[in-house]
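Report on one structure; see the data block that follows.
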Amino acid sequence: MSHPFSILERIRSFRFAIHGIALTVQSQHNAWIHLAVSVAVVALGGFVGLQRDGWLWLITAMTLVWSMEVLNTAIERLADAAVPEIHPLIAQAKDAAAGAVLVAVLGSGLIGLLVLGPPLMQKLGIGL
């Protein structure tokens, strides 16, 4: 059943979403790494004077990694709630979700190297 549009309900939904992101950062050690790398990438982008196109690529890559990490956390929580004991299919689902995060991280790492590598080498006076 559809409910009428409500600004207060939309605001509440943002609070739930922010809580989900905070839960991921608080409970997932890999999210701590993603956070540190995200901060470092933003700082490095500022240091090298990255232009708009470079920022677009980096923001897209970071968004992909964070989205996958939050989804992975959701899948893990749902799986643990549905089947608290060890089950081979649940383990496979968790492994696949973790694999999605790894694919995003590896792709984002390559994007980061391609976008930040050349201007950083130039800034540091290192020639190719």
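Taken together, the values in this text are just the output of simple stated rules run on the coordinates, not laboratory data. Fair warning: this is a prediction, and the values are worked out from it, not measured in the lab. Using ideal geometry, Cβ is built from the backbone for each residue, glycine included, and neighbour counts are taken over all protein chains shown.
Our estimate of slack between Ala74 and Met121, defined as 0.36 nm per intervening residue step minus the Cα-Cα distance, is 13.0 nm.
Based on DSSP H segments of at least four residues, each scored -39500 (n - 2.57), the chain has a per-residue ellipticity at 222 nm of -30000 deg cm²/dmol.
Rounded to the nearest 20 debye, the dipole size of the chain about its Cα centre is 400 debye, using +1 on the Cβ of Lys and Arg and -1 on the Cβ of Asp and Glu.
Does segment 7-70 classify as rounded, prolate or oblate by the C-alpha gyration tensor (a ≥ b ≥ c root eigenvalues; a/c under 1.5 gives rounded; else a/b over b/c gives prolate, otherwise oblate)?
oblate
The Rg/Rh ratio for the chain is 1.10, where Rg is the radius of gyration of the alpha carbons and Rh is the Kirkwood radius. Note on the chain: dipole from Cβ charges, positive end direction compared against Phe14, Ile75, Trp55; the farthest Cα belongs to Trp55.
Using alpha-carbon pairs under 8 Å, 6+ residues apart, how would you state the relative contact order of segment 1-114 in percent?
Working: 51 pairs, mean separation 33.3, N = 114.
This gives 29 percent for segment 1-114.
For segment 1-55 versus segment 63-107, the inter-centroid distance based on Cα atoms is 18 Å.
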